[in-house]
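Encoded as structure tokens, the structure appears first; notes follow it.
The values are calculated or read from the model by the stated rules, or taken from the named source; none is laboratory data. This one's a predicted model, so the numbers in the text were calculated from it and none came from an experiment. Positions of Cβ are generated from backbone atoms using ideal geometry, with glycine treated the same way; all protein chains shown enter the neighbour counts. The protein model used for the area step is the full one, side chains on, heavy atoms only, and it has no ligands, DNA or RNA in it. Shrake-Rupley method; radii C 1.70, N 1.55, O 1.52, S 1.80 Å.
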Number of protein chains: 2
Amino acid sequence: MEIVSRVNDLKTLVRQAKQAGKSVGFVPTMGYLHEGHLTLMRQAKSENGIVVASIFVNPLQFGPSEDYATYPRDFERDSKLASTAGVDILFAPEVAQMYPRGVENMLTMVEVRRLSERLCGKARPGHFQGVATVVCKLFNLVEPDAAYFGQKDAQQVVVIKRMVEDLNMNLRIVAVPIVRESDGLARSSRNVYLDAKERQAALVLYESLMLAREKLTGGLRDAAQIIKLMNELINKQPLAKIDYISISDSETLDELVVVDRPALIALAVRIGKTRLIDNVLWEG
Amino acid sequence: MEIVSRVNDLKTLVRQAKQAGKSVGFVPTMGYLHEGHLTLMRQAKSENGIVVASIFVNPLQFGPSEDYATYPRDFERDSKLASTAGVDILFAPEVAQMYPRGVENMLTMVEVRRLSERLCGKARPGHFQGVATVVCKLFNLVEPDAAYFGQKDAQQVVVIKRMVEDLNMNLRIVAVPIVRESDGLARSSRNVYLDAKERQAALVLYESLMLAREKLTGGLRDAAQIIKLMNELINKQPLAKIDYISISDSETLDELVVVDRPALIALAVRIGKTRLIDNVLWEG
């Protein structure tokens, strides 16, 4: 595995691989890799000639009161894990490589309207604009045949897929199912913030999603009713504070009244100071 | 010259040329071609293996009270001219090819902040967002080595260059000097709107720019003074109504108080109902 921190070195290596006729799979990450990321990398490897992964904690997608400064980082561990998962080129740029004029002078922003304002977008204004913009930059740097994203960030997948379609970008977006701990907690770099009690309390996210799925399987179609039941379950957990619970059209993210089509059941919950998200897709 | 109206046909033809090892020059236009466009095409031809030109009157960059519906169109004449100027592939899509979900469902927008809000951006809110977005789409469709823009739309050149830099797009932007009529009027598709009296009155744009250049050459450096002299000259012309006169840093478009660096002297003036723009670069 080659590790590069400079844009020009990345481009040179990717060009060489392409000239050798290899297809390129790309896995953009913010590092602090877990089994979810490694699953993306292994799938990318199985479907492409080479895999490029990036580790970049993107300041543009964090709000002023969010955890940009404290977001967990461990490059040495990450690079070993990435190598084992089959990554060929690991791109780990400094902020100045990605924003050479400074973040405040990054004038061009890519915005996927409507889709960016819903669900997590309400509590995190500007977040998906920051995501779309950095992903657009990374796509232009790597020019991959396919890029792999975890379904855990369901709204991110919807936003990126729509950006690629709207802007005629030349790649496939592959969404990979959520990887969970054995007790159901979705893998997340932010799980490291949880102490033992919070770790236990965090199970309530998945439990509420399972409750929703059970009710849907049982024939309940009234979204407000399902959300009410999820609310009640989560509110029994004193460490949990609900940010949102949403049942929406899985492509448009329009809130559903009746669950009569493929739906995204998604929620964000604060466990102590840590904001966690999770979701399930209901195919109907 | 091949004429294509479908995105997929365009991509197939471009791919064939690239596989044959040819570099691609691209000239995006809104059609109703004049000598300015043809100069771009000829320059693109001299510097590349093939030239792709597009003709697309982009609804996204017109305001509700602007001339989208009446913008002049003459595809037959355009295709003859483009062919003569050396264009190999002429892409002339319908709106539904560029915005398959409809213009109102085009959710992804590319915005170059600050630069888009100045000069023409004040009178045309959303205009440069529409320009940047469609140009980004066209760049992704054509994947050119270089794209050619007329310096007549000076702010557009600044916006597009910055978008390419900020988003790490893989092409060169070439700005080509303004082509003028023998009496100095900048070539523009909108000149067709002018009747004989207005055509004569329209000379005042270039005359005022020449006055500014003369004063700069003579050593005057006070931007407000120069603008005042331009104002006075234009206001003598009863058919002319000034939208703006600006002397700005030619890269940042920051208004200058003292002309102590390369400057863009630009103006927009209504002649009757027709809004015309023109500019000169002062290299200092």
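Right, B:Val57: touching a strand residue (DSSP E or B) at 6+ places or on another chain (Cβ under 8 Å) and in a loop (DSSP other than H, G, I, E, B) or not?
no
For region A:70-112, which residues satisfy the criterion of being within 12 Å of chain B (Cβ to nearest Cβ), loosely packed, with under 14 Cβ neighbours inside 10 Å and either under 19 Å from the mean Cα position of the chain (by Cα) or within 27 Å of A:Glu165 (Cα to Cα) (or both)?
Answer for region A:70-112, where residues must be within 12 Å of chain B (Cβ to nearest Cβ), loosely packed, with under 14 Cβ neighbours inside 10 Å and either under 19 Å from the mean Cα position of the chain (by Cα) or within 27 Å of A:Glu165 (Cα to Cα) (or both): just A:Val103.
Quick one: is A:Ala147 open to solvent by 10 Å² or more (accessible area, probe 1.4 Å) and more than 10 Å from chain B (Cβ to nearest Cβ)?
no
Residues checked against (1) part of a loop (DSSP other than H, G, I, E, B); (2) crowded, with 22+ Cβ neighbours inside 10 Å; (3) of a type in the set (Lys, Arg):
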residue	(1), (2), (3)
B:Leu233	no, no, no
B:Lys241	no, no, yes
B:Glu251	yes, no, no
B:Arg261	yes, no, yes
B:Leu276	no, yes, no
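Here is a yes/no grid of residues against (1) charged (D, E, K, R); (2) part of a helix (DSSP H, G or I):
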| site | (1), (2) |
| --- | --- |
| B:Leu205 | no, yes |
| B:Ala212 | no, yes |
| B:Ile227 | no, yes |
| B:Pro238 | no, no |
| B:Leu264 | no, no |
| B:Arg270 | yes, no |
| B:Asn279 | no, no |
| B:Gly284 | no, no |
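Could you please find all residues in region B:142-170 being touching a residue at least 60 places away in the same chain (Cβ under 8 Å) and assigned to a loop (DSSP other than H, G, I, E, B)?
B:Glu143, B:Pro144, B:Asp145, B:Gln151, B:Lys152, B:Asp153
So how many residues does region A:113-129 have that are within 13 Å of chain B (Cβ to nearest Cβ) and out of contact with any Phe, Trp or Tyr (no Cβ under 6 Å at 6 or more places or on another chain)?
8
Is it the case, given these coordinates, that A:Glu207 is open to solvent by less than 40 Å² (accessible area, probe 1.4 Å) and modelled with pLDDT of 95 or more?
In short, no.
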